[in-house]
Amino acid sequence: MRTDPDLAHAAAKGSEAAFAELVRRHQARVRGMARRLTGSQAQGDDIAQMTFLAAWQKIGAYAGGTFSAWICTICWREFLQWRRRQKMEIAFDETAEVIPFDRPFDRSASQTEDRMDLARVLDSLTEAQRVCVVLCVAAGLSHREAAEATGWPLGTVKSHVLRGVAHLRTCLASADVA
């Protein structure tokens with residue numbers, strides 16, 4: 001089985017099959033990371049797609065090391081660009097009509113409830129904590145790789161992960177979450 005650096009080298013020489021294998025190996029991590037950063041499945045999928053497009057365009061710049069850290073760094077940057085665009089596009093519309101949701105949520109599946117609880121608790125973290133928890137816990141990056149991806153000091157990343165995970169544990173353990 002070929003390693004990620006071998007596949008990246010082949011992709012840099014133009015092998016679409018090699019890049020497709022890299023996408024297959026890393027798409028779940030990137031999509032999960034983007035979805036958790038945005039809080040939206042659709043927007044997360046869009047960011048993941050932009051991430052892999054940017055990775056294909058920049059594959060020649062991959063200089064070795066952990067490919068997952070490299071691709072997650074690109075995902076982080078794509079998220080930041082998306083967030084900047086969102087801030088520019090958001091405008092309060094006083095004439096907007098609120099449409100009530102007349103069907104109750106289906107609460108029969110405990111897995112759906114767990115995901116909703118986790119999403120709600122992730123949203124309660126500070127942005128820096130959420131980013132660090134998503135990068136280190138959900139995406140599986142080391143603290144050092146997350147620090148390189150965000151440009152934040154290593155100690156800051158460690159602190160945000162520690163506080164964020166503690167907050168998640170406290171909130172998910174309480175009965176108030178559901």
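The values are calculated or read from the model by the stated rules, or taken from the named source; none is laboratory data. Small disclaimer: the values here were computed from a predicted structure and weren't measured. With ideal geometry, Cβ positions are generated from the backbone for all residues, glycine too; neighbour counts draw on all protein chains shown. These accessible areas exclude ligands, DNA and RNA; they are computed on the full protein's heavy atoms, side chains included. Shrake-Rupley method; radii C 1.70, N 1.55, O 1.52, S 1.80 Å.
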In Å², nearest 10: area of residue 16 left accessible to a 1.4 Å probe: 130
Solvent-accessible surface (1.4 angstrom probe) belonging to residue 137, in square angstrom, nearest 10: 90
Heavy-atom accessible area ranking, 1.4 Å probe, most first, across 50, 33, 1: 1, 50, 33
27 Å Cα-Cα reach of residue 13 towards lysines, excluding residues that sit fewer than 8 places from it in its own chain: 58
Heavy atoms of residue 4 accessible to a 1.4 Å probe, total area in Å² rounded to 10: 30
Computed E for residue 118/residue 158 - FRET, C-beta separation, R0 22 angstrom, nearest 0.05: 0.50
Efficiency of FRET from Cβ geometry, residue 45 and residue 84, R₀ 30 Å, rounded to 0.05: 0.95
